[in-house]
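Here the structure comes first, spelled out in structure tokens, and everything after it is commentary.
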Amino acid sequence: MSYKTHLQFYHHEMLKELKDFIRIPSVYDESTKTKTMPYGKDVDDALAFVASLGERYGFKVDRCDGYATELTIGEGNKTIGIFAHADVVPASGKWEGEPFEPRIYNGKIYGRGTSDDKGPMIAVFFATKALEKSGLLKNFKVKIVVGGDEERGSSCLDYYFQKLNKPAPDFGFTPDSDFPLIYGEKGISDFFCELKMNLPGVKSIKGGVATNAVCDRVEIVLDDPTELENYCKYSQIPYEIAGKTLIILGKSAHGSTPELGDNAALKTMIALGNICKVPALLNLGEKLSDTTGKSFNGYAESKLLGHTTYCVGKIEYADGMLSFTVNFRYPENVDRTAYMVNFDNEFDTLTILGEESPSLLYDPESPLVRTLYKAYRKETHDRTKPLTTGGGTYAKHCKNTIAFGALFPGRVSTMHEPNEEMPIKDIYKSARIYARAIKMLGKLANEN
């Protein structure tokens, strides 16, 4: 069966709908949140867009009290669940175009959310519609659940399952990671650190937009920025200056791969630690520059999930108090509380642990993993083996669900970075894979 034939009819519509979806700046907004818009107006607009999309293409729609939008199509006692998200991280850093105005260049579509997770969501949506239109949704239904709070901890899915008492699918996936598939995810926990210190001549420090992204910009207000400016010039640190505010620049990256970024918060710690002669600050910056934790007795690894990572996402300083956040990711053999004790002992910080997203591991030989892998192989003929990841997905919040695409092997992820993009041909290709996978999972569900 050629899933390519079934999907080609929708190529134009897929691109059109994705462009409109990207134009919605669906970042969490505390200032506009209400009881019916728990994540703010822009996220609600994105969830409303998904609802409108579903209605126009014949899906049953449930707005889920504003926490998510559920689209259902097909009939039967078995359910295949697909979990995507409409929210995005803030569009920090320098973009070549407007981050929420989609731009096509060299076969790629650029804009915040193209790959995380609006492009994959559109691919899944039209894969499902193509199956239904072709009469291939037989004896099972598909639920596409699009959440509004994945980037901040997935409270949307917690509400969906725990408050609305929605049932888990028989089998499912989330198109929010890598192909061929992810059978294991590290544990994730943010922690919040404070440390008293005196930084002579420094009025305030503020940087970072998300805990789960490398800090790419720090604004420092000083009595006199001359010495820091000279330091940046000598050390070849990118910066901007406006009056008494000096801005240290870095490069964002996903919190699961902090080594791929250039952390402006750590460069700030090192620079001011040297200039202000504060050894504790210098020690923080230098040792946290090793993102694995080896430099401060914070390292662990396992055969399946790899090693620990530490990502400084936000930093602030005012009135003699330095505060910063760390996005901590760790394998299944780590007791996070014990590692925070190690952290506090090393840096003399007062640390508060955030909520935990525990590690997740599926048996690589389980029916769900084997079926999704077979669907991927049949459409791509690629022999790349299933993966584990430091990223965290909706799979941790939903039973019988794993992460499945849509980043292909060999592609460089631009999630959470400036100029986020996704090759258009990858959107179409992933839609074919998803169509085949949904059909195969429906058959598997009816056999069990």
message: So residue 46 ticks every box in (1) closer than 21 Å to residue 174 by Cβ; (2) not in a helix (DSSP H, G or I) but one. Which box is left unticked?
response: (2)
message: Looking at residue 217 and the list (1) among the charged types (D, E, K, R); (2) under 22 Å from residue 143 (Cβ atoms); (3) open to solvent by 50 Å² or more (accessible area, probe 1.4 Å), which single condition is not satisfied?
response: (2)
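Just for the stretch 369-392: of the residues that are out of contact with any helix residue (DSSP H, G or I) (no Cβ under 8 Å at 6 or more places or on another chain) and within 30 Å of residue 190 (Cβ to Cβ), which one is modelled with the lowest pLDDT?
Filtering the stretch 369-392 down to residues out of contact with any helix residue (DSSP H, G or I) (no Cβ under 8 Å at 6 or more places or on another chain) leaves 369-370, 373, 377, 381, 384-385, 387-392.
Of the ones still in play, those that are also within 30 Å of residue 190 (Cβ to Cβ) are 369, 387-392.
Numbers: 369: 97, 387: 93, 388: 93, 389: 90, 390: 88, 391: 82, 392: 86.
So the residue we want is 391.
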- prompt: What residue, of 81, 93, is of a type in the set (Gly, Ala, Ser), part of a strand (DSSP E or B) and under 21 Å from the mean Cα position of the chain (by Cα)?
  reply: 81
message: I'm trying to understand the selection: among the residues of the stretch 287-315, which are open to solvent by 50 Å² or more (accessible area, probe 1.4 Å), in contact with a strand residue (DSSP E or B) (Cβ under 7 Å, 6 or more places away or on another chain) and under 16 Å from residue 216 (Cβ atoms)?
response: 314
query: Quick check: anything in the stretch 365-373 under 30 Å from residue 193 (Cα atoms) and in contact (Cβ under 8 Å) with a residue 12 or more places away in the chain?
result: no
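Please list, ordered by residue number, the strands (runs of 3 or more DSSP E) wholly in the stretch 108-199 having 2 or more residues that are buried (at least 24 other Cβ atoms within 10 Å of the Cβ).
On the way: elements: 108-110, 140-147, 171-174, 182-185, 187-196.
Those strands (runs of 3 or more DSSP E) span 140-147, 171-174, 182-185.
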- prompt: Among the residues of the stretch 224-243, is any closer than 22 Å to residue 197 by Cβ, open to solvent by 10 Å² or more (accessible area, probe 1.4 Å), at pLDDT 95 or above and in contact with a Ser or Thr (Cβ under 6 Å, 6 or more places away or on another chain)?
  reply: no
- prompt: Quick one: what pairs do we get from the stretch 144-161, first residue within 14 Å of residue 190 (Cβ to Cβ) and of a type in the set (A, V, I, L, M), second open to solvent by 10 Å² or more (accessible area, probe 1.4 Å) and part of a strand (DSSP E or B), C-beta under 6 Å, 6+ apart or different chains?
  reply: none
- request: Go through the stretch 251-271 residue by residue and tally those that are at pLDDT 95 or above, open to solvent by less than 30 Å² (accessible area, probe 1.4 Å) and in contact with a helix residue (DSSP H, G or I) (Cβ under 6 Å, 6 or more places away or on another chain).
  value: 3
- request: Within the stretch 272-286, work out how many residues are open to solvent by 60 Å² or more (accessible area, probe 1.4 Å) and closer than 20 Å to residue 327 by Cα.
  value: 1
- prompt: For residue 66, are the conditions met, namely being small (Gly, Ala, Ser) and at positive phi?
  reply: yes
query: Would you pick out the residues in the stretch 200-211 that are assigned to a strand (DSSP E or B), open to solvent by 20 Å² or more (accessible area, probe 1.4 Å) and among the hydrophobic types (A, V, I, L, M, F, W, C)?
result: none
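The values are calculated or read from the model by the stated rules, or taken from the named source; none is laboratory data. Not measured: the values here are computed from a predicted model. Don't worry about glycine lacking a Cβ; one is built from the backbone with ideal geometry, like all the others, and counts go over all protein chains shown. Ligands, DNA and RNA are excluded from the accessible area calculation, which covers all protein heavy atoms including side chains. Shrake-Rupley method; radii C 1.70, N 1.55, O 1.52, S 1.80 Å.
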